[in-house]
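Visitor: Dumping the structure here so I can ask a few things about it.
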Number of protein chains: 2
Amino acid sequence: MNQDTTTPGSLRPGGRTARVRESVLRAAGDLLAERGFAHLDPAEVAARAGVGKTTVYRRWRTPAGLVADLLTEMAETSLPRADTGSLREDLLANARLVAHTLNDPRQGKLFASLIAAATADPTTATALRHFYDTRLTEWTPCIEAAATRGEIPPETDPRAVLSAVAAPLYYRLLTTGDPIDDHTATLAAESATLAAHSGLFTP
Amino acid sequence: MNQDTTTPGSLRPGGRTARVRESVLRAAGDLLAERGFAHLDPAEVAARAGVGKTTVYRRWRTPAGLVADLLTEMAETSLPRADTGSLREDLLANARLVAHTLNDPRQGKLFASLIAAATADPTTATALRHFYDTRLTEWTPCIEAAATRGEIPPETDPRAVLSAVAAPLYYRLLTTGDPIDDHTATLAAESATLAAHSGLFTP
């Protein structure tokens, strides 16, 4: 706690710095969801968050800086993995969590905007990959546990299994626009489970 | 042919209108791949294509108009489906075609830019969905033939099978940045084949 009062800008949970960060990132996320990265103006973020412009420019510097910190916060606050004792049920929980997120009006547009921004901005691309690395790492024990239980081969690649669950849902969001309904989420989880059981996700 | 000389702007293959369209769409695609939709300037497209600015503004009107016509041309000129006599081999050909496209430096960046543009621009989103509809329709007979051969249930949803092949490849391009290698393409095709054989892609 002593460090918090002597280090400017340090993260004291519940402190003023943390509250400013929360407000600024909430406003940045709202603007990204509404209008996309091309229209993310740090001055407007500051106004919406009710903080001074100089605070935003000093701490986050650029729109890409705001996006990178938003992705860090999203990784920090995202939900923990499932632990049902069955690979199929764990993957179904994962698929439903991804589907729920992408179907949420604000979150779906926010993810689409973040992914769009990453195609044009290398800093955002790095931050986005780090976000997905964090999420894949969080859920990896589900696949390791299934291997320990003997459900799937021990050399199964957890990242490949989890990517197979999420991919069909993101594909709909970003390309065909087909609805991400519960049938889609269930199919994604069941296909990945079947492929894992059959040993397809091995080197 | 008579119609071509009496209807201004009609598409005579090899005619001046067709050559202008080809040059303009090539320049638009190059700029999209290099810098993205936010920096797609019709005047710069005209200069690169070696045509007058007014020609571009009159015929395509806006950057979104250029992108919509580019997607129409991409659908018109894209490769025909495979017809190997085996669902696994057809889906493998599809996966390798998608992987080859997304790994091509120009094409990969072009698709990323088009998908990014579609997240923010409704006209582009409609054009992009139409492009994927065209591609899915082109490959649908592969799934119907497999059903006729008795490989998979007759009520299998072709769109779901083909989406399952493409999705893991697009997911890597757009989110994790993991390489889209031949192992990835093979795995996508084999997982989709296995799920189709198991009857997962039915209503």
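The values are calculated or read from the model by the stated rules, or taken from the named source; none is laboratory data. Note that this is a predicted model, so its numbers are computed, not measured. In this analysis, Cβ positions are derived from the backbone assuming ideal geometry, glycine residues included, and neighbour counts consider all displayed protein chains. When the accessible area is computed, the model is the full protein with side chains, heavy atoms only, and any ligands, DNA or RNA have been set aside. Shrake-Rupley method; radii C 1.70, N 1.55, O 1.52, S 1.80 Å.
Visitor: Check region A:108-118 and report whether any residue there is in a helix (DSSP H, G or I), within 17 Å of A:Asp181 (Cβ to Cβ) and either open to solvent by 20 Å² or more (accessible area, probe 1.4 Å) or at pLDDT 95 or above (or both). Give the derivation first.
Guide: Looking only at region A:108-118, we keep the residues that are in a helix (DSSP H, G or I), and these are A:108-118.
Pick out the ones that are also within 17 Å of A:Asp181 (Cβ to Cβ) and you get A:108.
Keeping just the survivors that are either open to solvent by 20 Å² or more (accessible area, probe 1.4 Å) or at pLDDT 95 or above (or both) gives A:108.
Scanning region A:108-118, I find at least one residue that is in a helix (DSSP H, G or I), within 17 Å of A:Asp181 (Cβ to Cβ) and either open to solvent by 20 Å² or more (accessible area, probe 1.4 Å) or at pLDDT 95 or above (or both), so the answer is yes.
Visitor: Mind listing just one residue for me: the one in region B:144-164 that is open to solvent by 60 Å² or more (accessible area, probe 1.4 Å) and not in a loop (DSSP other than H, G, I, E, B) and, of those, farthest from A:Ile180 (Cα to Cα)?
Guide: Result: B:Thr148.
Visitor: Shifting gears a bit: What's the number of the only condition in (1) touching a helix residue (DSSP H, G or I) at 6+ places or on another chain (Cβ under 6 Å); (2) free of Cβ contacts under 8 Å to residues at least 12 places away in the same chain; (3) part of a helix (DSSP H, G or I) that A:Ala64 fails to meet?
Guide: (2)
Visitor: Can you tell me how many residues within region A:123-138 are touching a residue at least 40 places away in the same chain (Cβ under 8 Å), touching a helix residue (DSSP H, G or I) at 6+ places or on another chain (Cβ under 6 Å) and within 13 Å of chain B (Cβ to nearest Cβ)?
Guide: Step one: filter region A:123-138 for residues touching a residue at least 40 places away in the same chain (Cβ under 8 Å), giving A:123-124, A:126-128, A:130-131, A:134-135, A:138.
Adding the requirement that they be touching a helix residue (DSSP H, G or I) at 6+ places or on another chain (Cβ under 6 Å) leaves A:123-124, A:127-128, A:131, A:134.
Subsequent filtering for residues that are within 13 Å of chain B (Cβ to nearest Cβ) retains A:124, A:127-128, A:131, A:134.
So the count comes out to 5.
Every residue, every condition in (1) among the basic types (Lys, Arg); (2) more than 13 Å from chain B (Cβ to nearest Cβ), yes or no:
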site: A:Phe111; (1), (2): no, no
site: A:Ala118; (1), (2): no, no
site: A:Pro154; (1), (2): no, yes
site: A:Arg172; (1), (2): yes, no
site: A:Gly177; (1), (2): no, no
site: A:Ile180; (1), (2): no, no
site: A:Leu194; (1), (2): no, no
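Visitor: Looking at (1) closer than 30 Å to A:Pro122 by Cβ; (2) at pLDDT below 95; (3) open to solvent by less than 80 Å² (accessible area, probe 1.4 Å), which one does B:Pro105 not meet, given that it meets all the others?
Guide: Among (1) closer than 30 Å to A:Pro122 by Cβ; (2) at pLDDT below 95; (3) open to solvent by less than 80 Å² (accessible area, probe 1.4 Å), the lone unmet condition for B:Pro105 is (3).
Visitor: Any idea how many residues of region A:18-34 are open to solvent by 80 Å² or more (accessible area, probe 1.4 Å) and free of Cβ contacts under 8 Å to residues at least 60 places away in the same chain?
Guide: Going residue by residue through region A:18-34, those that are open to solvent by 80 Å² or more (accessible area, probe 1.4 Å) are A:19, A:22, A:26, A:34.
Within this subset, residues satisfying the condition of being free of Cβ contacts under 8 Å to residues at least 60 places away in the same chain are A:19, A:22, A:26.
Number satisfying all stated conditions: 3.
Visitor: Report yes if some residue within region A:22-35 is modelled with pLDDT under 95 and of a type in the set (S, T, N, Q); otherwise report no.
Guide: no
Visitor: Can you find a residue in region B:165-176 that is at pLDDT below 95, more than 20 Å from the chain's Cα centre (by Cα) and surrounded by fewer than 23 Cβ atoms within 10 Å (Cβ to Cβ)?
Guide: Yes: region B:165-176 contains one or more residues that are at pLDDT below 95, more than 20 Å from the chain's Cα centre (by Cα) and surrounded by fewer than 23 Cβ atoms within 10 Å (Cβ to Cβ).
Visitor: Next question. Given the residues B:Pro179, B:Pro141, which is the only one that is touching a residue at least 24 places away in the same chain (Cβ under 8 Å), open to solvent by 30 Å² or more (accessible area, probe 1.4 Å) and not hydroxyl-bearing (Ser, Thr, Tyr)? First the steps, then the outcome.
Guide: On the way: B:Pro179 fails: touching a residue at least 24 places away in the same chain (Cβ under 8 Å).
The conditions single out B:Pro141.
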